Number of protein chains: 4
Amino acid sequence: METAILLLSCPDSRGIVAKISNFLYQNNGNIVHADQHIDSESNTLFMRIEWALGGFSLAKEDIAGAFEPLAGEFKMKWQLYFSGNTPRVAIFVSQHLHCLYDLLLRYRGGQFNCEIPLIVSNHSDAHQVAQNFNISLCEFPILKENKIEQEKKQIELLRKEKIDVIILARYAQIFTKQFVDTFPNKVINIHHSFLPAFIGQAPYRQAYTRGVKIIGATSHYVTEELDAGPIIEQDTVRVSHRDSLEDLRRKGEDLERMVLSRAVKWHLERKILVYNNKTVVFD
Amino acid sequence: METAILLLSCPDSRGIVAKISNFLYQNNGNIVHADQHIDSESNTLFMRIEWALGGFSLAKEDIAGAFEPLAGEFKMKWQLYFSGNTPRVAIFVSQHLHCLYDLLLRYRGGQFNCEIPLIVSNHSDAHQVAQNFNISLCEFPILKENKIEQEKKQIELLRKEKIDVIILARYAQIFTKQFVDTFPNKVINIHHSFLPAFIGQAPYRQAYTRGVKIIGATSHYVTEELDAGPIIEQDTVRVSHRDSLEDLRRKGEDLERMVLSRAVKWHLERKILVYNNKTVVFD
Amino acid sequence: METAILLLSCPDSRGIVAKISNFLYQNNGNIVHADQHIDSESNTLFMRIEWALGGFSLAKEDIAGAFEPLAGEFKMKWQLYFSGNTPRVAIFVSQHLHCLYDLLLRYRGGQFNCEIPLIVSNHSDAHQVAQNFNISLCEFPILKENKIEQEKKQIELLRKEKIDVIILARYAQIFTKQFVDTFPNKVINIHHSFLPAFIGQAPYRQAYTRGVKIIGATSHYVTEELDAGPIIEQDTVRVSHRDSLEDLRRKGEDLERMVLSRAVKWHLERKILVYNNKTVVFD
Amino acid sequence: METAILLLSCPDSRGIVAKISNFLYQNNGNIVHADQHIDSESNTLFMRIEWALGGFSLAKEDIAGAFEPLAGEFKMKWQLYFSGNTPRVAIFVSQHLHCLYDLLLRYRGGQFNCEIPLIVSNHSDAHQVAQNFNISLCEFPILKENKIEQEKKQIELLRKEKIDVIILARYAQIFTKQFVDTFPNKVINIHHSFLPAFIGQAPYRQAYTRGVKIIGATSHYVTEELDAGPIIEQDTVRVSHRDSLEDLRRKGEDLERMVLSRAVKWHLERKILVYNNKTVVFD
């Protein structure tokens, strides 16, 4: 059963919900999910509404045009998705393969509504995994000298492959502003700390040295500033003095896998709205 | 700012959301919160909608009547509340006073939108707490012989005091069917285990004997069957072989306080719908 | 660096720790880990002591004999292990392969000190995984009529392969008493509920129907009574009315993988003592 | 039953455990708890050993002297405590009273082995709580001009009252180096964030602005550098876009109470060793 999903935000005012639900009702829409949130500090309404396309009186290609006037009236930022238009995903990875493996197993198990035609890596470690799962892997070794050039080639490839979502599954390279700007709110990273603690390099080592009693992992959209983009999901696990740095890594990898997979799932199900460098997640 | 809160459930069908939001819009209602949930197994819609009374064109006493036709059309079960009509709460307690203390501190700190005019106990331990917080305590010692009679007197008192909500803050007595039927979905209990594990007496002892690695607490509405009512909230905490039975009690009491207080808060904010011996909690 | 590990329990009395540590010191033993626990209810001492074999003045094969008199004096139950004697593990699985995959990935990643020469299944679903990881899979289809016979063949195979530990990674068959008795405290199961809640069949369905707000997973040693053996590890995750039965399964599978892998790791590192149908886990 | 508690750390080497346990055994000591930890990075042994004084052949006042040679031989840093010597605690508080209340309720409930003769505040809000619990409160209003002078008076008072432990239960003042140096590893603070995230002022506001999905609380020993002392305990709780800043505060206060009370309990039971700006907690 295909559905349409409308994600929107706008200044809150009387009648918005009524007019949107009328729009759907008059076109014979059957709502299957609806969520809304009003941020009272900024007086902003956030909404996600999903309805069945079966029986809907507008054709897919006519919905946006029909909705446009309403959107204009309320100054909405909005996006319209169809569950049948499966997003195309590329996974970037370096040498730690646990997140990659986890994503691919969930993908194969049917947890993600997407296609994954492409793995990109700056190393060669992931070749066998890619082969096992029958996905092409493109290797882009990155040196200081060729970084910008390689990024350009990556962008070309991503465009050619019509990639909608980029998942950094422990990809140990920082993108340039240009790359980030090309895919706004479309690059999902997993950082192996409880952000904003332990930004940057070697967060487990940092956590171990600081002597924290809990470690975390954070999935966020990538923005120009390192590890500072809108947070999608976080989780934590208890550690103690008995845990070595290696134990922190091992426990943390379990967190990374779960946190990243939740963020990816929500993104693919169009459950995330970004505003003000934060996220509304209609989970 | 006073608000009206509508809680409803009904068979799901096209147009419900549109008609409800139109009803509000046509009466100049400004929605401040709205949540809905569709249980696809039973095709049931659950909804909680809260709007500002300031500027609403219907007087409080006319809203129910005006809404009635719509409710009838969709076969809704519904309740209408006003945030200004503060619920009156009675707390029942026996000899463990930690939950009582916790509730009263939160009450005094402004976390609960209610009045607490009454504490009921089958013991005398709570007298000083009641006095400190300036709340009357009525003692009803319970013996096998006088149980039914005492319950009748309790019901009388609760009616006289116009009590809307009864919190069992570790009240170590089981009510008769008659008492329970008098206050359907209005008696909130805290059970000191992760239900349905360890029903009944001495759950910490049961947990200790079984050797579990996690203990829990459960807040639920009281129904005729012991510890089997709709669950509102649960939480758990890790234990180990190093924890004595006394440690389980101590750790568990922290859970009990938090779990009970969350359930009470949600109930008072009219965020809970009961169906099918389960709860929808719009938190 | 190879180590020796002594796991023991005995009635607590003065001088035990002194005599054990003297025994090690006099033989030039360098302790690398030591943990102890006194259960004051039963006045029982539990101890795990691990020391480097490098420089130890007794040969591996002479340690047990030299320790015997001390063990006898204090009526110890004890076991001696060497980290260099890698345990041989068989994984049993049916049709849900997520735990199997998870174990094999951790195994390959070096998290488990063991060899896994064998996968056993009553179905054919796991063949490709087994092949990917280059492990033999033996299929034993089980029907009511052939159950006892098949179990006998399994026992034979396990003996032939010198299997020390059996992991039931969602193996959907109940063993006979005979099988269980053959491998006491050596069969580790994952049950997909927070035991003792939801014993037996379809625990996610049971949890969904009961309307719990948290679900769990439990790893335990298998005993004759179903889902009633000593609990090694448990964990929980929050669910809500928004979670379908399918969501419970998906969230639960993440728990199962983590809980089972922790239990396996502790078992392989000889960190678990069983007493009184409970476990002491020196994590 | 009074016990002696020895807390020690020293470079790890063969024979330490043997010699310490012999020392106890030869003096007829009955160990009731023993924990040790070897930090392999720094090759340091940490130990906590607790034995019954009943039947011990050395008088309390002779134990330290008798142990001294052994301590010297292994270059131990060590402290000897007696459970009968109840520590004297002062609680510092400003205007948020939830932690103060929580500590006093646990104290009255017998959870803490200490005496609390004194509350210190820079405000007058806590007077009634102090009175309810029958504890003297000394008010030291703090201005820029009188800060150093007031601190001197506080130190005098703490000395006069023979205070061993100072708990900062949301005390909104930063101490001078002089104050901190006077009570090394004896001042326990609760910071209302997951350190090292959100150091300093208004951590809930910082967390809200950053859009984190989990908030935390941290209890640590106070050192000269703000919020940078050895962490004793931390905990976290999930938040979402639905949580207002006020909700973060409310949820966070529950964390603060629990985290602080655990840290205090462990400190009073002499379960904490500080090294390298971290803690070993033998919980």
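The values are calculated or read from the model by the stated rules, or taken from the named source; none is laboratory data. As the structure is a computational prediction, the values presented were derived from the model and not from experiment. Glycine gets a Cβ as well: all are built from the backbone with ideal geometry, and neighbour counts include every protein chain shown.
Assorted remarks:
- Residue tally, condition touching a helix residue (DSSP H, G or I) at 6+ places or on another chain (Cβ under 8 Å) and within 13 Å of chain C (Cβ to nearest Cβ), over region B:259-276: 1
- Qualifying residue in region B:138-153 (condition: β-branched (Val, Ile, Thr), touching a strand residue (DSSP E or B) at 6+ places or on another chain (Cβ under 8 Å) and at pLDDT 95 or above): no
- Selection count where residues are under 30 Å from residue C:233 (Cα atoms) and more than 15 Å from the chain's Cα centre (by Cα), scope region B:156-213: 22
- Per the listing B:9, B:42, the residue uniquely assigned to a loop (DSSP other than H, G, I, E, B) and either out of contact with any Gly (no Cβ under 7 Å at 6 or more places or on another chain) or at the interface with another protein chain (Cβ under 8 Å from one of its Cβ atoms) (or both) is B:42.
- Failed criterion for residue A:1 (all others in (1) of a type outside the set (S, T, N, Q); (2) touching a helix residue (DSSP H, G or I) at 6+ places or on another chain (Cβ under 8 Å); (3) more than 7 Å from chain B (Cβ to nearest Cβ); (4) surrounded by fewer than 20 Cβ atoms within 10 Å (Cβ to Cβ) hold): (2)
- Count - residues of region D:217-239 that are at the interface with chain A (Cβ under 7 Å from one of its Cβ atoms) and either closer than 30 Å to residue B:33 by Cα or modelled with pLDDT under 95 (or both): 1
- Within region D:86-110, the residues that satisfy the criterion of being under 18 Å from residue B:251 (Cα atoms) and aliphatic (A, V, I, L, M) are D:103, D:104, D:105.
- Flag if residue D:237 is more than 17 Å from the chain's Cα centre (by Cα) and either of a type outside the set (Gly, Ala, Ser) or in a strand (DSSP E or B) (or both): yes
- Members of region C:171-205 found to be crowded, with 21+ Cβ neighbours inside 10 Å and in a loop (DSSP other than H, G, I, E, B), listed by number: C:171, C:175, C:192, C:193, C:194, C:195, C:197, C:198
- Filter result (of a type outside the set (Asp, Glu), within 24 Å of residue B:236 (Cα to Cα) and more than 22 Å from the chain's Cα centre (by Cα)) within region D:240-261: D:240, D:241, D:242, D:248, D:249, D:250, D:251
- Enumeration of residues in region A:213-230 that are surrounded by 20 or more Cβ atoms within 10 Å (Cβ to Cβ), among the small types (Gly, Ala, Ser) and not in a strand (DSSP E or B): A:229
- Test: residue in region A:220-228 that is touching a Lys or Arg at 6+ places or on another chain (Cβ under 7 Å), in contact (Cβ under 8 Å) with a residue 40 or more places away in the chain and not hydroxyl-bearing (Ser, Thr, Tyr): yes
- Looking across B:198, B:282, one residue alone is at pLDDT 95 or above, under 22 Å from residue D:251 (Cβ atoms), out of contact with any Ser or Thr (no Cβ under 9 Å at 6 or more places or on another chain) and of a type in the set (Phe, Trp, Tyr). It is B:282.
- Residue A:206 being in the same structural domain as residue A:271 (by TED's automatic domain parsing), under 24 Å from residue A:164 (Cα atoms) and not aromatic (Phe, Trp, Tyr): no
- Taken over region A:100-136, the residue count meeting the criterion of being in contact (Cβ under 8 Å) with a residue 60 or more places away in the chain and not in a loop (DSSP other than H, G, I, E, B) is 4.
- Identity of the residue in region D:77-102, in contact with a Pro (Cβ under 9 Å, 6 or more places away or on another chain) and aliphatic (A, V, I, L, M), that ends up nearest to residue D:6 (Cα to Cα): D:89
- Filter result (within 12 Å of another protein chain (Cβ to nearest Cβ) and hydrophobic (A, V, I, L, M, F, W, C)) within region B:179-213: B:194, B:195, B:197, B:198, B:199, B:207, B:212
- Restricting attention to region A:12-35, the residues that are surrounded by fewer than 19 Cβ atoms within 10 Å (Cβ to Cβ), at negative phi and not in a strand (DSSP E or B) add up to 5.
- Here A:167, A:148, A:163 are screened, and the one residue that is aliphatic (A, V, I, L, M), in a loop (DSSP other than H, G, I, E, B) and more than 14 Å from chain D (Cβ to nearest Cβ) is A:163.
- Test: residue in region A:183-200 that is among the hydroxyl-bearing types (Ser, Thr, Tyr) and in contact with a Pro (Cβ under 7 Å, 6 or more places away or on another chain): yes
- Selection count where residues are more than 12 Å from every other protein chain (Cβ to nearest Cβ) and surrounded by fewer than 18 Cβ atoms within 10 Å (Cβ to Cβ), scope region B:55-70: 10
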